[in-house]
Amino acid sequence: MVSVGTIAFLAQELMFFAGLFAMYFTSRANGLAAGDWENQTAHLNVMFGLIITIVLVASSVTSQFGVFAAERGDVYGLRKWFAVTVLLGVIFLGLVAYEWTEMVMHGVSVQSSVYGSVFYIITGFHMAHVTAGILAFIVVLLRVSKSKFTPAQATAAMVTSYYWHFVDVVWIGVFITLYLVQ
């Protein structure tokens with residue numbers, strides 16, 4: 001069962017990302033007026049962004065499989081699915097880092113324009129949240145491997161998965177906003 005603390009934490013994170021999206025749309029309105037926004041967004045690879053999104057959504061599925069295993073008391077299944085989730089999360093980070101290098105090679109950087117700043121701020125903060133989620137999965141895996149499986153560990157697995165689902169949903173918003181709306 002979700003605790004009030006988990007709900008409050010995720011609500012706070014939602015407000016944080018809402019602020020980032022507000023920054024994006026405000027900057028976009030000004031950037032379109034200045035005429036440089038379309039030039040900067042032309043370097044985005046929408047298909048690559050879709051691949052990145054599919055990897056993260058797949059990690060949400062594997063995370064949920066881990067929760068289902070935890071609910072059954074299947075420690076092996078929990079470890080297996082959470083390890084796959086960690087791997088997919090690391091792959092996601094690598095793909096976004098590659099996208100960053102591609103954007104920089106095309107002249108889109110934090111210093112190059114408002115768009116570049118907004119792009120790297122939003123994706124950078126999201127990557128930080130993905131990294132935090134990966135570390136949380138690792139903590140759950142370490143706890144499960146060092147002691148007898150308990151209901152508290154199942155709850156920790158569920159809460160970690162809720163956070164991961166939240167981060168995944170935020171990425172879908174980031175993908176739609178950055179790659180499709182532009």
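Values as computed for the structure displayed
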{"quantity": "Spherically averaged projected area in nm², based on the convex hull that wraps the Cα atoms of the range 77-128", "calculated": "3.6"}
{"quantity": "Separation in nanometres of the label points that stand 7 Å from Cα toward Cβ, at D36 and V4", "calculated": "4.9"}
{"quantity": "Kirkwood-based Rg to Rh ratio, the range 105-182, C-alpha trace", "calculated": "1.18"}
{"quantity": "Per residue solvent-accessible surface (Å²) - the range 70-178, probe of 1.4 Å", "calculated": "45"}
{"quantity": "Sulfur and carbon atoms: percent of accessible area, the chain [1.4 Å]", "calculated": "73"}
{"quantity": "For H106, distant residues with modelled amide H under 5 Å away", "calculated": "none"}
{"quantity": "Radius 15 Å from Cβ of T160, net charge of other residues (Lys, Arg +1; Asp, Glu -1)", "calculated": "-1"}
{"quantity": "Percent of Cα-Cα distances greater than 22 Å, calculated over the range 36-119", "calculated": "43"}
{"quantity": "Debye log10 I(q)/I(0) at q = 0.13, 0.16 Å⁻¹ for the range 1-140, Cα point scatterers", "calculated": "-0.69, -0.94"}
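The values are calculated or read from the model by the stated rules, or taken from the named source; none is laboratory data. In this text the structure is predicted, and so the values were computed from the model without any measurement. Cβ sites come from the backbone with ideal geometry, for glycine too, and all protein chains shown count toward neighbours. Side chains included, ligands, DNA and RNA excluded: accessible areas come from the protein's heavy atoms. Shrake-Rupley method; radii C 1.70, N 1.55, O 1.52, S 1.80 Å.
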